[in-house]
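In what follows, a single structure is set out as structure tokens and then discussed.
The values are calculated or read from the model by the stated rules, or taken from the named source; none is laboratory data. As the structure is a computational prediction, the values presented were derived from the model and not from experiment. So basically every Cβ, Gly included, is an ideal-geometry build from the backbone, and we count neighbours across all protein chains shown.
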Amino acid sequence: MATEPRPRADFTALLSNGSPNLDHYYRELSSGQMNLGGSQAVGWFTLPQPRAAYLPGGQLAFSALAADCTAAADASVNFANFSGILIQVNADLDGYAWGGSSFLSLDGVTRSWPMTWMPLWATQSSMHGAYAHEVGHSLGLPHSSGPYSATYDSRWDVMSNSYLTFNGATGSYVAGHTIIYHKDLLGWIPAARKVTPTAGTQTVLLEQAEFPTGGTTPLEIVIPIEGTSQFYTVEARRFLGYDAPLPGEAVVIHLITPGTGVPAKVVDADNNGDPNDAGAMWLPGETFQGANGIRVRIDARTAEGWSVTVTMPLPDVMLSVAGAGSGNGVVTSTPGGIACTSTAGSSSGNCSAPFPGGTVVTLTPTVTSGSFLGWSGACGGVGSCQVTMDQARSVTANFQLGNQTLTVTADGSGSGVVRSSLEGSIA
């Protein structure tokens, strides 16, 4: 193989601010919050060991290669002036390009250095996309994917598929943007431009994130899934800049599972193995039905962005029923949950139950002896009643025994008078 497969000038260009080079690319992705200005290409340098020494057992020895490369370049560069290091070798490594970090002491600076390890094949037609992807890893970004455990399948994210389009001028593949979740991880989404809906329904005008305008129009909706660490992100994408070759212009939803190897996965409605088709593009009139009753409805696309309505289920609230009075009866609920028996004012059975917030519960009294006199508390009237569960509610059902006839019959040869304790009733 060639000792120097590409001249240093090619790498100087790769790091520059001309499209589609890395400085230009990351300025666009970050809306000007990150750049590679001042980056320097140095080398080539000869390493002290043969290729095999850096591939024990066929696996890349990251630390050894990082240490030997930086030592070889030390006389040509003051590492203290830089924030990260890109290593390019003139041979293939273990079949992959890599991005991450390496702990080194360089020119008086001891820290974990963001770093990439780039093989020969990365200098060929995959050059710009592959470098953009691995630099993302060096910044701490993980892979994303569709929901199919196929790491490189999603064309919505440079951290999945970095070959979005072929650039004829540079003879290489170029990536699109990264997803809003990753931009947020890197601190590129201001808190004022994120919406986290609470219980109920909220409509958000979502701005497309490629070239956001100033102000506070939301760029990201973050929807927590109650009872878990998971959440959904909602973003809008359009054909612009490096996103010009996207699969489509649409709202895109990801399910995020923190702490996993691939936290972000495209929500693909048709579940057909392709996260880049219509099933992953949420358009006006469509509604995503998520976990725990979460709903995301795409209302409309306007000149300003996308109108999106998010419905978050209200938390469960308790409904309590008690019986009162001398009569007997049962109170039941629709939907089910309450089946409360009242016996002379004593309650038993299922007399309390949780219902989803906002549920309208119908309570029905059934008399077993006596009569139903009516409700008190959150209900009124003398028939079935409805309770809106917008908060914890309590209801009392009043059952009363009616008048009963007591018949007294005299017997025997004597005489006397029988009187009742209720005056005037019996004499």
Residue list for the range 112-123, filter: in contact with a strand residue (DSSP E or B) (Cβ under 8 Å, 6 or more places away or on another chain) and either over 20 Å from Tyr54 (Cα atoms) or at pLDDT 95 or above (or both): Ser112, Trp113, Pro114, Met115, Thr116, Trp117, Met118
Only listed residue being out of contact with any Asp or Glu (no Cβ under 7 Å at 6 or more places or on another chain) and either at positive phi or surrounded by 15 or more Cβ atoms within 10 Å (Cβ to Cβ) (or both), chosen from Leu55, Leu60, Leu22, Leu15: Leu22
Among residues of the range 332-350, those that are assigned to a loop (DSSP other than H, G, I, E, B) and either in contact with a helix residue (DSSP H, G or I) (Cβ under 7 Å, 6 or more places away or on another chain) or over 26 Å from Gly293 (Cβ atoms) (or both), counted: 2
Subset of the range 195-204 that is of a type outside the set (Ser, Thr, Tyr) and under 23 Å from Pro284 (Cβ atoms) - its residue that is surrounded by the fewest Cβ atoms within 10 Å (Cβ to Cβ): Gly200
Pair list, Cβ < 7 Å and 6+ apart or interchain, from the range 311-331 residues that are farther than 19 Å from Ala291 by Cα to residues that are at pLDDT 95 or above and of a type in the set (D, E, K, R): Leu319/Arg393
Members of the range 232-273 found to be buried (at least 18 other Cβ atoms within 10 Å of the Cβ) and either modelled with pLDDT under 95 or not aliphatic (A, V, I, L, M) (or both), listed by number: Tyr232, Thr233, Glu235, Arg237, Arg238, Tyr242, Asp243, Pro247, His254, Pro263, Lys265, Asp268
Flag if Tyr173 is in contact (Cβ under 8 Å) with a residue 12 or more places away in the chain and part of a strand (DSSP E or B): yes
Single unsatisfied condition, Ser162 versus (1) under 25 Å from Ala278 (Cβ atoms); (2) at pLDDT 95 or above; (3) surrounded by 16 or more Cβ atoms within 10 Å (Cβ to Cβ): (2)
Residues of the range 119-133 classified as buried (at least 21 other Cβ atoms within 10 Å of the Cβ) and either touching a residue at least 60 places away in the same chain (Cβ under 8 Å) or of a type in the set (A, V, I, L, M, F, W, C) (or both), total: 6
Flag if Gly381 is more than 41 Å from the chain's Cα centre (by Cα), surrounded by fewer than 15 Cβ atoms within 10 Å (Cβ to Cβ), not hydroxyl-bearing (Ser, Thr, Tyr) and not in a strand (DSSP E or B): yes
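Out of curiosity, is Thr178 hydroxyl-bearing (Ser, Thr, Tyr), part of a loop (DSSP other than H, G, I, E, B) and either crowded, with 16+ Cβ neighbours inside 10 Å or touching a residue at least 60 places away in the same chain (Cβ under 8 Å) (or both)?
When the stated conditions are applied, Thr178 passes them.
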Every residue from the range 303-331 that is among the hydrophobic types (A, V, I, L, M, F, W, C), under 29 Å from the mean Cα position of the chain (by Cα) and either at pLDDT 95 or above or part of a strand (DSSP E or B) (or both): Trp306, Val308, Val310, Met312, Leu314, Val317, Met318
Near pairs, Cβ below 7 angstrom, 6+ apart or cross-chain, from the range 374-397 (in the same structural domain as Ala353 (by TED's automatic domain parsing)) to any residue that is among the charged types (D, E, K, R): Ala378/Arg393; Val387/Arg393
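Output the residues belonging to the range 25-47 that are within 29 Å of the chain's Cα centre (by Cα) and either aromatic (Phe, Trp, Tyr) or outside any loop (DSSP other than H, G, I, E, B) (or both).
Across the range 25-47, the qualifying residues are Tyr25, Tyr26, Arg27, Glu28, Leu29.
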Hits in the range 317-360 (condition: in contact with a Gly (Cβ under 8 Å, 6 or more places away or on another chain), among the β-branched types (Val, Ile, Thr) and over 12 Å from Ala397 (Cα atoms)): Val317
Exclusive hit being of a type in the set (Ser, Thr, Tyr) and over 24 Å from Asp277 (Cβ atoms), set Tyr131, Tyr173, Tyr181: Tyr131
Members of the range 266-286 found to be without any contact (Cβ under 8 Å) to a residue 24 or more places away in the chain and within 16 Å of the chain's Cα centre (by Cα), listed by number: Ala269
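Evaluate the range 401-412: report whether one residue or more is surrounded by 13 or more Cβ atoms within 10 Å (Cβ to Cβ), within 50 Å of the chain's Cα centre (by Cα) and aliphatic (A, V, I, L, M). Let's see the steps before the verdict.
Looking only at the range 401-412, we keep the residues that are surrounded by 13 or more Cβ atoms within 10 Å (Cβ to Cβ), and these are 401.
Now drop any that are not within 50 Å of the chain's Cα centre (by Cα), which leaves none.
No, the conditions are met nowhere in the range 401-412.
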